[in-house]
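Just so it is clear, none of the values below were taken in a lab; they were calculated from the coordinates. For clarity, every value in this text was computed on a predicted model and none was experimentally measured. Glycine also receives a Cβ, built like all others from the backbone with ideal geometry; neighbour counts cover every protein chain displayed.
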Amino acid sequence: MDAKLFWVGLNQVRGIGAVRFRALLDFFGSLETAWNAPLDALLAAGLPQRVAENLLEARASDLLDRTLRIIEEKSIQVITWEDDAYPRRLREIDQPPPVLYLRGGLEEKDDFAVAIVGTRRVTSYGKQVAEEIAAFLAQNGITVVSGLARGVDAVAHDMALRAGGRTIAVLGNGVDRVYPPEHVNLAKRILEQGAVMSDYAPGTPPDAANFPPRNRIISGLSMASVVVEAGEESGALITAAFAAEQGREVLAVPGNITAPQSKGTNRLIRDGAQPLLKPEDILEALQIDHVPQKQAARTLLPMDATEARLLGLLANEALHVDEICAQSGLPVDQVSATLTMMELKGMVRNQGGMSYSAVKERRAEYGS
């Protein structure tokens, strides 16, 4: 924990987010040096006067000690940018959170995840659809991500668990407390088959201002975000907007045009989100299938240097095997064998005619 002590400290300073974390690291070389720096050095590093004073106040208080006690008492994991355990998809977004707090556990299979979000005032129609989608994803080896809120979120988590799948709940408060309080038992079940996560330090109470920013983590962890029901001012629409900005797929469940809970989803569809007419639409939109087999292949046979090299060549365009050999300088038998293994892992797709392309999330049209 000692190495992460200063990550936890700086994470609680008002005004220090991902951009200023990076600036402090670049300027001081370590967060320990930044944490202990005098005011003039902090100002020289680019911190505004008020933010620098916030840091000095946090350093002089017992805030860090209190947070560390909670972390130890609750066996909370602290994951930073520097950790291999930091979720790969989340690392890819613009300004990923520098620190994550986690209860439960993440697994490599959680790389295949889809968010299910929606209104707290879910209708019987929305509940049925959310259950069908969550069960389908769980049965196909895809982790369900949501926010543990009332309504669609709770339905999605619950059904994913009942279907034997994994689920991740992203909170707008510290992971040492559950909000809403009636979801305490649901949170306990999630810890057994997934994780509860937040970028807010333990001890942070739920606050309305915390929930919109946490939605970028829900979408950032996921290959796609599915909006089941959403009013015109629903927070689920914020998740959809983040997903589009992050280049992730956005799908929306169409509904009755007179129903308040469907006004947001119908508007998403009008603006370019893909309508979800059946759960299978998710896999078709992501152009993936046989997820459990691909998860197993990735776990048993992690990406090696040759695969990374070929994936880099295919990042922006499809190439013929001959062109791949020419650009990589590798013999055709090695390239062919490697491409076969990469296809098994779901990393590349055979386009026909001996041409291959990288498999990646397609940029959503909504919000572009």
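Data table
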read-out	value
Order of I282, I168 under a 10 Å beta carbon neighbour criterion, fewest first	I282, I168
All-pairs alpha carbon distance profile, segment 2-73, 10 Å steps from 0, percent	21, 58, 20, 2
Listed pairs K278/K345; K188/K263; K127/K263; K4/K345; K188/K345 exceeding 28 Å between Cα atoms	K188/K263; K4/K345; K188/K345
Under-5 Å amide H pairs with T204, H placed in peptide plane, nonlocal only	G174
Long-range amide H partners of R166 with built H, under 5 Å	V144
Amide H contacts under 5 Å for I76, placed H, 5+ residues apart	none
Whether segment 77-141 is rounded, prolate or oblate, judged on the alpha carbon gyration tensor where a/c under 1.5 counts as rounded	prolate
Which of D2, D176, D271 has the fewest Cβ neighbours within 10 Å, and the rest in rising order	D2, D271, D176
Inter-label distance for W81 and A60, nm, one decimal - labels placed 7 Å from Cα along Cα-to-Cβ	2.9
Under the Karplus curve 6.51 cos²θ - 1.76 cosθ + 1.60, θ = phi - 60°, whole-Hz ³J(HN,Hα) for segment 79-88, x wherever Gly or Pro sits	10, 10, 3, 7, 8, 4, 6, 4, x, 4
From phi via Karplus (6.51, -1.76, 1.60), per-residue ³J(HN,Hα) for segment 316-324 in Hz, x at Gly/Pro	10, 7, 6, 10, 6, 3, 4, 5, 4
From phi via Karplus (6.51, -1.76, 1.60), per-residue ³J(HN,Hα) for segment 43-53 in Hz, x at Gly/Pro	5, 5, 6, x, 6, x, 3, 5, 5, 4, 5
Dimensionless Rg ratio for segment 127-172, taking C-alpha atoms and the 2.2 N^0.38 Å reference	0.98
DSSP-defined beta bridges in the chain - what % are antiparallel, rounded to 5	40
Equivalent ellipsoid, the chain (semi-axes from 5 times Cα gyration tensor eigenvalues, Å)	34, 29, 19
Between segment 194-229 and segment 139-157, the Cα center-to-center distance that results, in Å	12
Cα-Cα separations in segment 80-232 greater than 22 Å, expressed as whole percent	32
Cα shape, segment 165-273, gyration tensor, a/c 1.5 rule	prolate
Three principal axis lengths of segment 301-358 [C-alpha, angstrom, descending]	25, 21, 20
Ranked D199, D26, D153, criterion: other C-beta atoms within 10 Å, fewest first	D26, D199, D153
